Amino acid sequence: MLLRSCPATFRAAGRSTQICVNNRRLVMARAKASIETAHLVKDVMTSGNLFSCGPEDTVDSALELLVQHRITGLPVVDAESRVVGVVSDFDLLALDAVGRVNEDQNLFPSADQSWQAFKEVKKMLAKSAGKKIKDVMTVQPITVRPETNLEDATNILIIKKIRRLPVVDSDGKLVGLISRGNIVKAALAARRASAAANN
């Protein structure tokens, strides 16, 4: 593909060869630039139609939202769309209590332990009736800005072992979400662009 921009023959070894080399350098520079443009959170974050909940929403309504849209967590925003917390499926189900069922045991529970865990989940769901998001959410969540370096955001996700980060503007208002999935897609796109540039 790069050779098409070069002269068909190299009869004049001087100038024609130089044009080909310059064209190759230009293509490589453009490819490198396209890879490097995805180095900020805003380049890869999910924006637009974002799912969120409010502090006064019920736990049940948030669970329904998670199930309906097949997501595992929500940013919690106030009336002005400022992020005031985050809530995950673990928070909503209080699964830390279920985790204690298998404490000090093997990684995989026995059949009766699994049944016990299921009963605990049912019990937690029953207890969640009437509870509000503000009762179970994580307050003062870690957030990033659209201008945050993508590597920094990736490190937060890995080190803190969280799945997503709310992206907020200078007023703390929700403008996007960045997840592990966004990072993987960006890395894959960069790898493909790099491979294409080297061919």
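Can you list residue pairs whose Cβ atoms sit under 8 Å apart, with the first residue in region 37-64 being closer than 26 Å to residue 184 by Cβ and the second being modelled with pLDDT under 95 and in a loop (DSSP other than H, G, I, E, B)? Count only pairs 6 or more apart in sequence or on different chains.
43/37; 44/38; 51/71
Scanning region 116-147 for residues that are open to solvent by 30 Å² or more (accessible area, probe 1.4 Å) and hydroxyl-bearing (Ser, Thr, Tyr), which turns out modelled with the lowest pLDDT?
138
For region 50-79, give me each residue that is buried (at least 17 other Cβ atoms within 10 Å of the Cβ) and of a type in the set (Asp, Glu).
The one that is buried (at least 17 other Cβ atoms within 10 Å of the Cβ) and of a type in the set (Asp, Glu): 57.
Restrict the check to region 12-22 and report whether at least one residue is at pLDDT 55 or above and in contact with a His (Cβ under 9 Å, 6 or more places away or on another chain).
Keep residues of region 12-22 that are at pLDDT 55 or above, which gives 22.
Pick out the ones that are also in contact with a His (Cβ under 9 Å, 6 or more places away or on another chain) and you get none.
Among the residues of region 12-22, not one is at pLDDT 55 or above and in contact with a His (Cβ under 9 Å, 6 or more places away or on another chain), which makes the answer no.
Looking only at region 148-194, how many residues end up being open to solvent by less than 50 Å² (accessible area, probe 1.4 Å) and free of Cβ contacts under 8 Å to residues at least 12 places away in the same chain?
Within region 148-194, residues that are open to solvent by less than 50 Å² (accessible area, probe 1.4 Å) and free of Cβ contacts under 8 Å to residues at least 12 places away in the same chain number 1.
The values are calculated or read from the model by the stated rules, or taken from the named source; none is laboratory data. For clarity, every value in this text was computed on a predicted model and none was experimentally measured. FYI the Cβ positions are ideal-geometry reconstructions off the backbone, even for glycines, and counts take in every protein chain you see. Surface accessibility is based on the protein's heavy atoms, side chains included, excluding ligands, DNA and RNA. Shrake-Rupley method; radii C 1.70, N 1.55, O 1.52, S 1.80 Å.
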